[in-house]
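Report on the following structure.
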Amino acid sequence: MAVRLTRTNWVALTAIALIAVQLVIRAVLAFKGYFYWDDLILVGRAGTQDLFSPEYLFDDHDGHVMPAAFLVAGVITHLAPLNWIGPAISLVVLQLLASLALLRALHVILGWRPVLLIPLTFALFTPLGIPGFAWWAAALNSLPMLAAMAWVTADAILLVRTGNQRYAVTALLVFFGGLLFFEKAAVIPFVAFTITALLAHVTGDSSALRNVWHRGTRFWVGSLALTAAWIALYLVVVDQERWSRDLPMTRDLLSRSITHGIAPGLAGGPWDWQRWAPASPWATPPATVMVLGWLALAAVIAVSFLRKERIGLLWAVAVGYTIACQIPIYLMRSSKFTALELAQTLRYFPDLVVVLSLLAAVGFCAPNRERSRWLDASRARTAVTVTAAVAFVGSSLYSTATFTTIWQDNPAQPYLQNAEAGLAEAHRSSSAPMLDQEVDPFVLQRVAAPENLASHMFALLRDRPEFESTTSQLRMLDNRGHVVDAKVTWVRTIVRGPDPKCGYLVQTDFPVRMPLDGPLLPSDWTAEINYLANSEGSMTMSLTEGPDVKVPVHPGLNRVFVRLPGAGDAIDVRANTAALSVCLASGPVGYLAPL
């Protein structure tokens, strides 16, 4: 028996097909990516902290409070340390949840009307959502928030429409889940209320605000209470001194984000990207796609006002959210030293994409103007709509392809893969520990300390040497991640000791200070210590301004390399073991370098 293809099922099937195509494209992008910057911070913390401790879950991560994101990252990292397959799969799964939640919200607003495909296509393929997806740490924030935003908005509409309080409960639970991944999810109830009220307004409710509030009171009050509690937690956890008062820079960033990010994105741009490793890519749209973006926006505005009534508020909300979703981020990130390219990274727009899609769906529910019958359904309208959609998707796919190419230029991938192989070989060839050290700054810089230390980044690898503050065999990771024999550079020299036969004599009751031939600025220094000891034991060493480091010693003439963080012009030494006597000779203090 032949199955009749109704409007309902062809729209639904087309929507599912669009999501499937998007997932294939996003999967290619995800699996061609790799760990980048904050991803490695998450990896390091997961390897050195208890996954269920408050210190781990509620860490101030560059102004973010994201316990659920930390937990998900920690579990994936523990299952397969430094294996990109786990994060890539999580990206695709989270994207699927976000896309299905958006489809549900659009269906709740529009039903299975063909116009549903227009905002869905925009949301699925616009490059404005690409950078926030490809970067794992960012996606662990934004994708759960997007799914929660769409789901809660749909629940809020259904709550007001049906009065079924079940939707208030599920909306609160999903909203709380979104907050656990990203503090920016605090905007969700405000978005949900606005979309629900606008839907009531355009469909003829003269008391939209009052009716929407009254019918959804249980959710609105509950969500506001939850938001207030989360804001209080955020203020306790996050260092508020990171907030900037550089309003001119914030204004410049906002302007640049619109001209070089949002406007080209409306036409499937930016087409072109640039990157200076280790920075993330930023959009560099040519003038052509910028002009196309503004023309597309002007056309949409003109057609919407010609065709629909009561949509002025929708455009006001769209402009307001475009500004409001960016200002808090720029106030936290900007300073006089901030590059305007920050606004061109397009990392801060995924939620804007969802909001614009929902507003478009609401706009389609507005009544048509009497004088707009020439815009009624026709072959010409269908041809123009399909042509515009195909052009937009093609432009977006080109932008996605160029982003994928430049995103693969990631110095972390060869470094980490070489390091994993080299550490395994070093473990097999020697039982000596490796001196803890910073990884290459193109992989993770000192501002991320202590997660930029090898002992943190590779903590969960099973086949590797131990990382210690002292070692008798000096090896290091070079700038490509290879394990190589190393030496200490002569930045400073320990001045020869007063005893010509012993140098500096250290005993339990006689600590000594070994002067350097010049001062050291604050850093992680390495000292080559040549010594003669009478027995097994340990010493404690430190720079003038630095922490104590315990140094094991063995009887006889030996050499040990010691990592000494800090600054100063001398090294203080004391013996810890009873009856221990150690003679210390001159030697270099500096950085590690390949032998």
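The values are calculated or read from the model by the stated rules, or taken from the named source; none is laboratory data. Please read all numbers here as calculations on a predicted model, not as lab measurements. With ideal geometry, Cβ positions are generated from the backbone for all residues, glycine too; neighbour counts draw on all protein chains shown. Only protein heavy atoms, including side chains, enter the accessible area calculation; ligands, DNA and RNA are left aside. Shrake-Rupley method; radii C 1.70, N 1.55, O 1.52, S 1.80 Å.
Brief remarks on what is shown
- Taking residues in the stretch 210-235 that are closer than 22 Å to residue 58 by Cβ, and partners anywhere that are open to solvent by 50 Å² or more (accessible area, probe 1.4 Å), the pairs with Cβ atoms closer than 8 Å and at least 6 places apart or on different chains are 226/176; 233/58.
- Counted residues, the stretch 463-508 - those being at negative phi and part of a loop (DSSP other than H, G, I, E, B): 23
- Scanning the stretch 156-175 for residues that are within 16 Å of residue 212 (Cα to Cα), among the hydroxyl-bearing types (Ser, Thr, Tyr) and open to solvent by 40 Å² or more (accessible area, probe 1.4 Å) turns up at least one hit.
- Subset of the stretch 19-58 [assigned to a helix (DSSP H, G or I), more than 24 Å from residue 135 (Cβ to Cβ) and of a type outside the set (Asp, Glu)]: 54
- Unmet requirement for residue 475, which otherwise passes all of (1) surrounded by fewer than 21 Cβ atoms within 10 Å (Cβ to Cβ); (2) within 27 Å of residue 517 (Cα to Cα): (1)
- Identity of the residue in the stretch 440-470, at pLDDT below 95 and among the basic types (Lys, Arg), that ends up surrounded by the most Cβ atoms within 10 Å (Cβ to Cβ): 446
- Restricting the stretch 485-508 to residues that are hydrophobic (A, V, I, L, M, F, W, C) and open to solvent by 40 Å² or more (accessible area, probe 1.4 Å), the residue that is farthest from the chain's Cα centre (by Cα): 505
- Test: residue 238 is within 20 Å of the chain's Cα centre (by Cα) and not charged (D, E, K, R): yes
- Checking the stretch 30-52 against the condition returns a match, with at least one residue being among the small types (Gly, Ala, Ser), over 21 Å from residue 457 (Cα atoms) and modelled with pLDDT of 95 or more.
- Pairs where the first residue, in the stretch 534-557, is under 19 Å from residue 510 (Cβ atoms) and in contact (Cβ under 8 Å) with a residue 24 or more places away in the chain and the second is of a type in the set (Ser, Thr, Tyr) and assigned to a strand (DSSP E or B), C-beta under 6 Å, 6+ apart: 534/581; 550/538; 550/540; 551/470
- Cβ-Cβ distances below 7 Å connect the following pairs, each with a first residue in the stretch 279-299 that is more than 18 Å from residue 357 (Cα to Cα), a second residue that is assigned to a helix (DSSP H, G or I) and open to solvent by 50 Å² or more (accessible area, probe 1.4 Å), and a separation of six or more residues or different chains: 282/341.
- Any chance residue 397 is at pLDDT 90 or above and within 24 Å of residue 121 (Cα to Cα): yes
- Residues within the stretch 536-550 that are more than 18 Å from residue 488 (Cβ to Cβ), part of a loop (DSSP other than H, G, I, E, B) and out of contact with any His (no Cβ under 9 Å at 6 or more places or on another chain), tallied: 2
- Residues that are open to solvent by 30 Å² or more (accessible area, probe 1.4 Å) and touching a strand residue (DSSP E or B) at 6+ places or on another chain (Cβ under 9 Å) were ranked within the stretch 377-405; the one that is farthest from residue 473 (Cα to Cα) is 402.
- Counted residues, the stretch 509-524 - those being in a strand (DSSP E or B) and open to solvent by 60 Å² or more (accessible area, probe 1.4 Å): 6
- The stretch 176-209, residues that are surrounded by fewer than 21 Cβ atoms within 10 Å (Cβ to Cβ), of a type in the set (S, T, N, Q) and in contact (Cβ under 8 Å) with a residue 24 or more places away in the chain: 203
- Just one of the listed residues (548, 524) is at pLDDT 95 or above, acidic (Asp, Glu) and out of contact with any Cys (no Cβ under 9 Å at 6 or more places or on another chain), namely 548.
- Helices (runs of 4 or more DSSP H) lying entirely in the stretch 190-280 (those with 2 or more residues that are of a type in the set (Phe, Trp, Tyr)): 217-237
- Any hit, the stretch 92-104, residues being open to solvent by 10 Å² or more (accessible area, probe 1.4 Å), out of contact with any Asp or Glu (no Cβ under 9 Å at 6 or more places or on another chain), of a type outside the set (D, E, K, R) and free of Cβ contacts under 8 Å to residues at least 40 places away in the same chain: yes
- Among the residues making up the stretch 261-296, those that are over 21 Å from the mean Cα position of the chain (by Cα), open to solvent by 10 Å² or more (accessible area, probe 1.4 Å) and among the hydrophobic types (A, V, I, L, M, F, W, C) are 266, 267, 271, 287, 290, 291, 292, 294, 295, 296.
- The residues in the stretch 423-439 that are crowded, with 16+ Cβ neighbours inside 10 Å, out of contact with any Lys or Arg (no Cβ under 9 Å at 6 or more places or on another chain) and not β-branched (Val, Ile, Thr) can be counted, and the count is 1.
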